[in-house]
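The next block holds one structure in the form of structure tokens; read it before the comments.
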Amino acid sequence: MPRKISPLSALIRTARAAVKKSYAPYSKFPVGAAVLAGSGKIYAGCNVENASYGLCNCAERSAIFAAASAGERVIRAVAIYTPTATPTAPCGACRQVINEFGPTALVVSVCDSAERTEATLDQLLPAAFGPANLR
Ligand code: THU
């Protein structure tokens, strides 16, 4: 019988694979991310740092910008992987960027232990400023 693969486990697998592309020579804190978009496709991203530190881009935003650049406008879920003992929560800037396309998206953080966190974006960023405020 073929094994059933849920989109969530594929998403987490993609985030784990994406960390291999991380460019983090300054922080030495590699991050991989993946987003499940409205079309059902999964987009990967990693953190990309810069010698001008303020220009570093988080893995989540790399994945979201890849999805948006492919024409996606809905984010259903985000997975974040760090090779650490505890899961890593998305930073405030990434929460705001997720909110643009996925105000109720599921956000899952996984690491190298069995520990994982799961929350919806509105739990992570209550009372968010978003597209509706500009209508
Ligand atoms: N980073 C991410 O990619 N995602 C997060 O959610 C937290 C932080 C990156 C940014 C920087 O390259 C490094 O981790 C250390 O802050």
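The values are calculated or read from the model by the stated rules, or taken from the named source; none is laboratory data. Please read these numbers as outputs of a predicted model, since none were measured by experiment. Methodologically, a virtual Cβ is constructed for each residue, glycine included, from the backbone with ideal geometry; neighbour enumeration extends over all protein chains shown. Accessible surface is based on the protein model in full, side chains and every heavy atom, while ligands, DNA and RNA are left aside. Shrake-Rupley method; radii C 1.70, N 1.55, O 1.52, S 1.80 Å.
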| Unmet requirement for Ile80, which otherwise passes all of (1) in contact with an Asp or Glu (Cβ under 8 Å, 6 or more places away or on another chain); (2) open to solvent by less than 40 Å² (accessible area, probe 1.4 Å); (3) over 18 Å from Thr104 (Cα atoms) | (3)
| message | Here's a check for you: in region 37-62, which residue that is among the aliphatic types (A, V, I, L, M) and either in contact with a Cys (Cβ under 6 Å, 6 or more places away or on another chain) or open to solvent by 20 Å² or more (accessible area, probe 1.4 Å) (or both) is nearest to the ligand (Cβ to nearest atom)? | response | Ala59
| Given (1) hydrophobic (A, V, I, L, M, F, W, C); (2) open to solvent by 40 Å² or more (accessible area, probe 1.4 Å); (3) within 13 Å of the ligand (Cβ to nearest atom), number of the condition Ala70 does not satisfy | (3)
| task | Considering only residues that are within 11 Å of the ligand (Cβ to nearest atom) and assigned to a loop (DSSP other than H, G, I, E, B), look in region 85-113 and name the one that is least open to solvent (accessible area, probe 1.4 Å). | result | Pro90
| remark: Out of (1) surrounded by fewer than 15 Cβ atoms within 10 Å (Cβ to Cβ); (2) near the ligand (Cβ under 10 Å from one of its atoms), the one Gly32 does not meet is (1)
| field | Selection from region 79-120 of residues that are under 23 Å from Ala17 (Cα atoms) and in contact with a Gly (Cβ under 7 Å, 6 or more places away or on another chain) | value | Tyr81
